[in-house]
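Presented below is the structure to which this report refers.
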Amino acid sequence: MKSLKGIIYAMISSGTFGLIPLFTIPLMGNMGMNESNILFYRFLFSTLMMGAVCLLHKSTLKINMKHLISIIGLGALYALTALFLIYSYHYITSGVATTIHFLYPICVSFLMVVFFKEQKSKSLFLAALLSLIGVALMCWSGGGSIRLMGIGLAALTILTYGIYIVALNQLDIGKLPAEVLTFYVLLGGCVIFFIYSLFTAGISSIPSTKAGFYILALAFLSTVISDLTLILAVKYAGSTTTAILGSMEPLVAVVVGVLVFSEHFTLQSLIGLLLILMSVIIVILADQQKKSKRITEQKIIKPH
C-alpha cells in the first residue's frame, strides 16, 4: 500500500512539473509578461505557500549562518535552472527543452564520478551515448534549422540542476526537514528574481486576473505540489522508483506542447524521446545496483 502511494505521488510530482510550459508560454505570449516577472511572482507565491505548509507542520524555521550560505548557493542554482529553462522556450519547443532538462540524472552521476571518486561505470557511458543520440533526433525532427541557443540554454539546466542535486546530498543542509529546506530555496530564488527584475525590465503588476490565475497555478501545481509530492514519493516508494517515474515530466511536457501549442512531433521525435528516457533509467538502475552491492559488502564485512 505504501509503495502504491509512493508511485502515485511520484507520478503527480513529475506530471505537475511537466505542466510548466502550459502556464509559462501563454504568460510570455498574449498576456505580455516578461520572463523575470513571471519567475519573480512564481517564486514569491510558492514561497508564501510553502511557508504556510511549514506553519501547518509547526516546523521551526531557525537556521545558522553556515546554513544561510548554503541556502544562497542552492537558491541560485535552482533559480538559474528556472531562468535557463524559461528562456529556452524562445528558441526550441517546450517539449524538447523539458526532455533535455530531464538528462540531469546523468550529469549527477558524472559529477559523482569526477569529484567524489565514485566508481566509473560502463552503464553511465552507454546512457550518455543514448541520450546524445536521443537529443539529436528530437532537435532535428522539426525539419528546420537547429536553434543552438535554445539547446545550449536547456543544456545549462542539466548542469545547474545536477549540481543542485549533488549539493543537496553532500551538504549538511540536506538534513533539514524537507519543507523547511524547500521554503528557504524558494525564498532564495524569490530574492534573486526580485533583484534580477529590478536591474532588467523592472517589476510590473500582474496585468490581468487571467494572468494572476496562471501564475498561481504555476506556483501551486508546478512548484509547491511538485516539490511536496516528490518528498512523499521518496518517503513511500524510494528514490529509484521516484526517479524512474520522473519520466512523466518530459512526456507531459511533450503532450502539452503537441496538443496545446501545436508543436512539431514525429516518429523520429518519439524515438529520440524513448532513447532519452531509456538512458536515464539505465543510470538510475545502475546507481541503485551499486548502492545495493555496497550495502551487501558492508553486511559481509560486519563482524558478528
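For this structure, a couple of remarks:
- The residues listed here are 189, 174, 152; of these, the one that is closer than 26 Å to residue 107 by Cβ, in contact with a helix residue (DSSP H, G or I) (Cβ under 7 Å, 6 or more places away or on another chain) and at pLDDT 85 or above is 189.
- First in the range 206-220 and without any contact (Cβ under 8 Å) to a residue 40 or more places away in the chain, second anywhere and outside any helix (DSSP H, G or I) and hydrophobic (A, V, I, L, M, F, W, C), Cβ under 7 Å, 6 or more apart: 212/206
- Answer residue from the range 253-288, given it is assigned to a helix (DSSP H, G or I) and among the small types (Gly, Ala, Ser) and is surrounded by the most Cβ atoms within 10 Å (Cβ to Cβ) among those: 253
- Condition check for residue 203: open to solvent by 30 Å² or more (accessible area, probe 1.4 Å), modelled with pLDDT of 85 or more, in contact with a Phe, Trp or Tyr (Cβ under 8 Å, 6 or more places away or on another chain) and not in a helix (DSSP H, G or I): yes
- Matching option when the condition is farther than 23 Å from residue 92 by Cβ and in contact with a Phe, Trp or Tyr (Cβ under 8 Å, 6 or more places away or on another chain), among 243, 154, 178, 219: 219
- Search result, residues across the range 1-55 that are farther than 24 Å from residue 261 by Cβ and among the charged types (D, E, K, R): 2, 5
- Residue 243 vs. criteria assigned to a helix (DSSP H, G or I), surrounded by 22 or more Cβ atoms within 10 Å (Cβ to Cβ), in contact with an Asp or Glu (Cβ under 9 Å, 6 or more places away or on another chain) and not basic (Lys, Arg): yes
- Residues within the range 175-196 that are more than 17 Å from the chain's Cα centre (by Cα), farther than 16 Å from residue 82 by Cβ and part of a helix (DSSP H, G or I), tallied: 2
- The numbered conditions (1) touching a Ser or Thr at 6+ places or on another chain (Cβ under 7 Å); (2) part of a loop (DSSP other than H, G, I, E, B) are all true for residue 33 except (1).
- Restricted to the range 76-113, and to residues there that are more than 23 Å from residue 254 (Cβ to Cβ) and modelled with pLDDT under 90, the residue that is most open to solvent (accessible area, probe 1.4 Å) is 110.
- Checked against (1) in contact (Cβ under 8 Å) with a residue 40 or more places away in the chain; (2) open to solvent by less than 80 Å² (accessible area, probe 1.4 Å); (3) under 30 Å from residue 220 (Cβ atoms), residue 57 meets all criteria but (2).
The values are calculated or read from the model by the stated rules, or taken from the named source; none is laboratory data. Not measured: the values here are computed from a predicted model. Neighbour counts are summed over all protein chains in view; Cβ atoms, including those assigned to glycine, are modelled from backbone coordinates with ideal geometry. Heavy atoms of the whole protein, side chains included, go into the accessibility calculation; ligands, DNA and RNA do not. Shrake-Rupley method; radii C 1.70, N 1.55, O 1.52, S 1.80 Å.
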